[in-house]
Amino acid sequence: MSIRAFLRLLLPLLGAPMAAAASASPPAPNVILIVADDQGSVDLGCYGATDLRTPHLDALAAEGARFTQFYSAAPVCSPSRAGTLTGRWPVRAGVPGNCASQRGGSGALPPSEVTMAEMFRAAGYATAHIGKWHLGYTPETSPRAQGFDHSFGHMGGCIDNYSHFFYWSGPNIHDLWRNEVEVFHDGAYFPDLMLREAAGFMERHREHPFFVYYALNTPHYPYQGDAKWLDHFKHLPYPRNLYAAFVAAQDERLGALFAKVEALGLRERTIIVFQSDNGHSTEERAHFGGGSAGSYRGAKFSLFEGGIRLPAIISWPGQLPRNQTRDQVSHACDLLPTLAELTGAKLPEVALDGRSLVSVLRDPTAPSPHHDRVLHWQVGLGPNADWAVREGDWKLIGNARDTSRTGPQAERIPLFLANLRDDPGEITNVAEQHPDLVDRLRRVHEQHLE
């Protein structure tokens, strides 16, 4: 008699509870998706930074896979986050640029778009948004209207971390909400409030799978690192010292978040993902810099590599290889199908632009899921939109600008072509040497949303 036949005869004799336990599948893994705000291309210790302190994210990378050619969906906050949450190019998802930072303002992720939260909720997960939203500031475009059971944070693009006011355009407004109810925590450090909210949510849902979108507002301006970190980095030149203190404060809170997962006994059934939404800021409000893109050209707002080629880590102890580096081209839109495959959640019935990275995570020799296609970026609409395409090693940028320079923005370059294998720093524009390639890639860009 086969083992399977023997078990079929044995299970009824064990009684219903034991039989059910014997046949039950393991619970679906939890998912924590962490998105940093304006963190530079090389601004982690595991990405080569020697003057920053990021032990907890470095440890996360040691527990999983670190990507070296991971691209955000856009070089600015709202479209980047829209691409991550929907698995679709931001323009296709209806978010070509930044969304409103004032109540009732225009610009939002359309309610018709299917988010990662909706995908997980349909799979039986409890879902939470904690932190920055910046994808709509009306009731119908709020986090809870987009699939989140619980929401805590600010709806606009940034806040002061102690008063929780938005100060950067129009009248100053208080912007802190829990499930569409305005709440006041005057003087409390917002990263600590995020940590407390996440800990409570995980405690309440520890017996069932949960999805937490941990949407950081750091190290986006205003730079507000703890006093101890400001003192620790006082030897660094300005404004790197301010930025380094804020990154260290961020990492310290992430360490506490990871420790909470461990304390709840959930680490081995929790997938943790980290990515930055776009490159470091060189805006006046960010002291004209502080972050770094290393050898890459560009920063926030730029489609040069420094604006979109960013840190990304995926870790699931015991299920995915640990202490790995993956050089395959990958994209923020890939996270939704990747997490769907890892958790068994059903993919949304919409056209996705992302492709699963599971084969790459499991096998270092697997090809990039984008080896046979073109990647697209676009910010804005119409003839003045910034756009880029990457096909293999070739990358063409339209209306290119190098925002890594402080002061007045650099002059725009109508068409910039580089071979990233030969010139990863995009130093030399070879568009004139390859007119046929430029014309073909430009047509591919123009046709990609048809």
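With a sphere of radius 15 Å drawn around the Cβ of ASP386, what net charge do the other residues whose Cβ falls strictly inside it have (Lys, Arg +1; Asp, Glu -1)? Intermediate values should be presented prior to the final figure.
Working: positive: ARG297, LYS300, ARG390, LYS395, ARG401, ARG412, ARG442; negative: GLU305, ASP402, GLU411, GLU426, GLU446.
Cβ neighbours under 15 Å give a net charge of +2.
Report the antiparallel proportion of the DSSP beta bridges in the chain as a percent, rounded to a multiple of 5. All intermediate terms of the calculation are to be shown ahead of the outcome.
Numbers: 30 of 58 bridges.
Roughly 50 percent of the DSSP beta bridges within the chain come out antiparallel.
If contacts are Cα pairs under 8 angstrom and at least 6 residues apart, what is the relative contact order of the chain in percent?
Details: 1026 pairs, mean separation 98.0, N = 450.
Worked out over the chain, it gives 22 percent.
Work out the length of the dipole vector of the stretch 374-447 about its Cα centre, built from +1 on the beta-carbon of each Lys and Arg and -1 on the beta-carbon of each Asp and Glu, and round it to the nearest 20 debye. Let's see the in-between values first.
Values: 9 positive and 12 negative charges, 42 e Å.
Here the size comes out at about 200 debye.
Using just the helices of the chain, give the 222 nm mean residue ellipticity in deg cm²/dmol: DSSP H runs with n ≥ 4 each add -39,500 (n - 2.57), and the total is spread over all residues, rounded to 500. Show your work: numbers first, answer last.
Numbers: 12 runs with 117 residues, N = 450.
Estimated from H runs of four or more residues: -7500 deg cm²/dmol.
If you filter the stretch 141-207 for trypsin sites (Lys or Arg not before Pro), then keep DSSP loop positions with at most 16 other Cβ within 10 Å, what is left? Mind showing how you got there, number by number?
Numbers: sites: ARG144, ARG178, ARG196, ARG204, ARG206; in loops: ARG206.
Sparse-neighbourhood loop trypsin sites (Lys or Arg not before Pro): ARG206.
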Listed by chain and number, the lysines with an alpha carbon less than 29 angstrom from that of LYS346, same-chain partners under 8 positions apart left out, are LYS132, LYS260
Placing +1 on each Lys and Arg Cβ and -1 on each Asp and Glu Cβ in the stretch 30-362, then taking the dipole about the Cα centre, the residue among PRO222, THR141, ILE308 whose Cα reaches farthest towards the positive end is ILE308
Total charge of the residues flanking LEU320 in space, meaning their Cβ is under 14 Å from its Cβ, with Lys and Arg +1 and Asp and Glu -1, is +2
Under unit Cβ charges (Lys, Arg +1; Asp, Glu -1), what dipole magnitude, rounded to 20 debye, does the chain have relative to its Cα centre? 880
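Compactness ratio of the stretch 94-234: Cα Rg over 2.2 N^0.38 Å, N = residue count?
1.08
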What Kirkwood hydrodynamic radius, in Å, does the chain give when the mean of 1/r is taken over all pairs of distinct Cα atoms and then inverted? 22.5
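Values quoted throughout were computed directly from the atomic coordinates according to the rules given, and no laboratory measurement underlies them. Just so it is clear, the model here is predicted, and its values are computed rather than measured. Methodologically, a virtual Cβ is constructed for each residue, glycine included, from the backbone with ideal geometry; neighbour enumeration extends over all protein chains shown.
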